[in-house]
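Take a look at the structure set out below.
Coordinate-derived values only; no laboratory data. Nothing here was measured: the structure is a model prediction, and the numbers come from that model. All Cβ positions, even for glycine, are placed from backbone atoms using ideal geometry, and neighbour counts span all protein chains on display.
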Amino acid sequence: MEINNDPRILHNKIENISNNISNKGNQDDEALKEVCKEFEAIFLQMMFKEMEKTVPEGGLIEKGMGTKAFEDMYIEEISKEMSKKDEGLGIGKMIYEQFKNGYVSL
């Protein structure tokens, strides 16, 4: 699962899926679940990056560009894995249910 941080792309994916949900049934249902999980992964990634900002910099070894790039990739992968595992935090499932029950319209 590739994470795209552009909210407009994610919104367009959700909009396209919700427009076609009644027409294609199961296939779009699975696609909606995937987009909701992707949204949860993006949310987690943003949350972890904000949390990382609270950790004071400094110490014995300075961080180089390689270390920062590695930490960003690590946060991205942790976010993906957390959203895939069972129900993740449940954010993706809640969003999915909101769309399926018609509580959210685009």
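To the nearest 0.05, how large is the calculated FRET efficiency for Asn16 and Leu89 if R₀ is 22 Å and r is the Cβ-Cβ distance? Numbers along the way, then the final one.
Working: r = 25 Å, r/R0 = 1.14.
Once rounded, the FRET efficiency stands at 0.30.
Sequentially through the range 55-66, phi angles give Karplus couplings (6.51, -1.76, 1.60; θ = phi - 60°) of 7, x, 7, x, x, 6, 10, 6, 7, x, 5, x Hz, Gly and Pro residues having no value and appearing as x.
Work out the length of the dipole vector of the range 7-100 about its Cα centre, built from +1 on the beta-carbon of each Lys and Arg and -1 on the beta-carbon of each Asp and Glu, and round it to the nearest 20 debye. Display every interim value, and only then the final one.
Numbers: 14 positive and 19 negative charges, 41 e Å.
Around 200 debye, computed over the range 7-100.
Restriction of the trypsin sites (Lys or Arg not before Pro) in the range 43-78 to DSSP coil positions whose beta-carbon has at most 13 other beta-carbons within 10 angstrom yields Lys63.
Sparsely packed loop sites in the range 24-94 (the GluC sites (Glu not before Pro) outside DSSP H, G, I, E and B with at most 12 other Cβ atoms within 10 Å) comprise Glu57, Glu62. Listing Lys84, Lys33 from fewest to most neighbouring C-beta atoms within 10 Å gives Lys84, Lys33.
Considering only alpha-carbon pairs that sit under 8 angstrom and 6 or more positions apart, the relative contact order computed for the range 7-100 is 39 percent.
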